[in-house]
1. Can you pull out every residue in the range 28-51 that is of a type in the set (A, V, I, L, M, F, W, C) and touching a strand residue (DSSP E or B) at 6+ places or on another chain (Cβ under 9 Å)?
2. For the range 1-98, give me every one of the strands (runs of 3 or more DSSP E) that falls completely inside it and has 1 or more residues that are exposed (fewer than 12 other Cβ atoms within 10 Å of the Cβ).
3. For the range 70-91, give me each residue that is modelled with pLDDT of 80 or more and of a type in the set (Val, Ile, Thr).
Amino acid sequence: MTNTFGFWLNANDSSRTYYSIDKLNKDGYRHFGTADMPDGGEGFFVGIEDIWNQGDNDFDDLIVSVTYKSGATMTPEPGQWALILMGLGLLGVHAFRSRKVMA
């Protein structure tokens with residue numbers, strides 16, 4: 001068995017569930033389509049076709065925009081800052097105590 005990532009949509013007013021994996025759809029047709037963001041944006045669109053048995057193939061019955069941010073910077077939390085400062089303090093104490101006195 002292989003793991004596959006996908007989307008699904010359950011229509012509340014019917015017993016139909018639409019899957020992004022075509023073979024899982026009971027009518028055998030594609031109900032999810034994807035497209036890149038315009039102008040090279042970071043992310044993609046997911047369009048859903050909710051008409052059964054192929055429908056009109058416009059995939060604009062529901063459109064979801066998925067964006068992601070690359071190059072995000074990590075900001076340490078207060079607990080991490082405390083550990084960093086404690087570690088630097090211990091290094092300072094060790095350096096102070098291991099200094100050789102030259103006479």
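The values are calculated or read from the model by the stated rules, or taken from the named source; none is laboratory data. The model shown is predicted, which means the values in this text are computed figures rather than measured ones. All Cβ positions, even for glycine, are placed from backbone atoms using ideal geometry, and neighbour counts span all protein chains on display.
1. Just the residues of the range 28-51 that are of a type in the set (A, V, I, L, M, F, W, C), to begin with: 32, 35, 37, 44-46, 48, 51.
PHE32, ALA35, MET37, PHE44, PHE45, VAL46, ILE48 - these are the residues of the range 28-51 that are of a type in the set (A, V, I, L, M, F, W, C) and touching a strand residue (DSSP E or B) at 6+ places or on another chain (Cβ under 9 Å).
2. Details: elements: 8-10, 17-19, 32-36, 43-48, 62-67.
Result: 8-10, 32-36, 43-48, 62-67.
3. Here is the first cut: in the range 70-91, the residues modelled with pLDDT of 80 or more are 77-91.
Answer for the range 70-91, where residues must be modelled with pLDDT of 80 or more and of a type in the set (Val, Ile, Thr): just ILE84.
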